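For reference, the structure discussed in these notes is given below.
Here, each number is a calculation from the coordinates, and none is a lab measurement. Predicted model, so just to flag it, every value in this text is computed and none were measured. Cβ: placed from backbone, ideal geometry, glycine included. Neighbour counts: every protein chain shown.
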Amino acid sequence: MADRAAKTSDAADAADASHAAHAASDADFVPNADGWVPAARHVPSPNYDARPADLPTDLVVIHNISLPPGQFGTGDIEAFFQNRLDISRDPFYEQIRDVRVSAHFLIARDGALMQFVACTQRAWHAGQSEFLGRPRCNDFSIGIEIEGTDDVPFTAAQYRTAAALVRALRLAYPIDAVAGHSDIAPGRKTDPGPHFDWDRLAKLAQLPPALLPYRA
Ligand SMILES: [Zn+2]
């Protein structure tokens, strides 16, 4: 059963990858000179600052998030990243009322892409972190939040969008690696979690194994 499901999924992915590779809209995922992706809905966040000078942007960090935890499509992630979350909406929000964070991107359950911070700027998404001996991953990374939790599978549409975005980011920046938040902040973070299918992303985004140093 699992094998049959996996084969069906792989075949669908291959068809998607083939289709996406030839779709004119692929170019819309490439960031412009200011670091904004035309295919994304732009939802500007103030939670960023300047990247250090002369440091290449060479890492993509994959996260998951849901607000309230376990609920999808509420609009609260966008509100949270824009510092306008209505904390009366859920008891959990008291814990994050003073937190100021944002990823560059969010991929909703239906695959829709939102962008909060220009790729040229340092978004506050990874916190205390270290990538293969290099601290402060926010300095040199692009953060992609995928709406979800550690407990449920992500959607096919989310993989398609994530793959298109990662492919396009590689055209614009010298991306050397794609890592999970849990890889660069082990013990502190668990996302994107056990349901994130790295092989599926690698296949759809045509990522060579060298770009996935934590998946060897
Ligand atoms: Zn995270």
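Before moving on, here are some points about what is shown:
- DSSP beta bridges in the chain [antiparallel fraction, %, rounded to 5]: 35 percent
- Gaussian network model of the chain, springs between alpha carbon atoms under 10 Å - residue of L67, L132, L113 with greatest fluctuation: L132
- Residues F196, F81, F72 arranged by fewest to most Cβ contacts within 10 Å: F72, F196, F81
- Förster-model FRET efficiency, 35 Å R0, Q71 and L132, C-beta, rounded to 0.05: 0.50
- In the elastic network of the chain, a GNM with C-alpha springs shorter than 10 Å, the most mobile of A177, A50, A123 is A50.
- Magnitude of the charge dipole for the chain, about its Cα centre and with charges confined to Cβ atoms of Lys, Arg (+1) and Asp, Glu (-1), is about 180 debye.
- Computed over the range 76-216: relative contact order in percent, which uses C-alpha pairs under 8 Å that are six or more apart: 20 percent
- Residue among S66, S88, S141 with the largest mean-square fluctuation in a Gaussian network model of the chain, springs linking Cα atoms under 10 Å: S88
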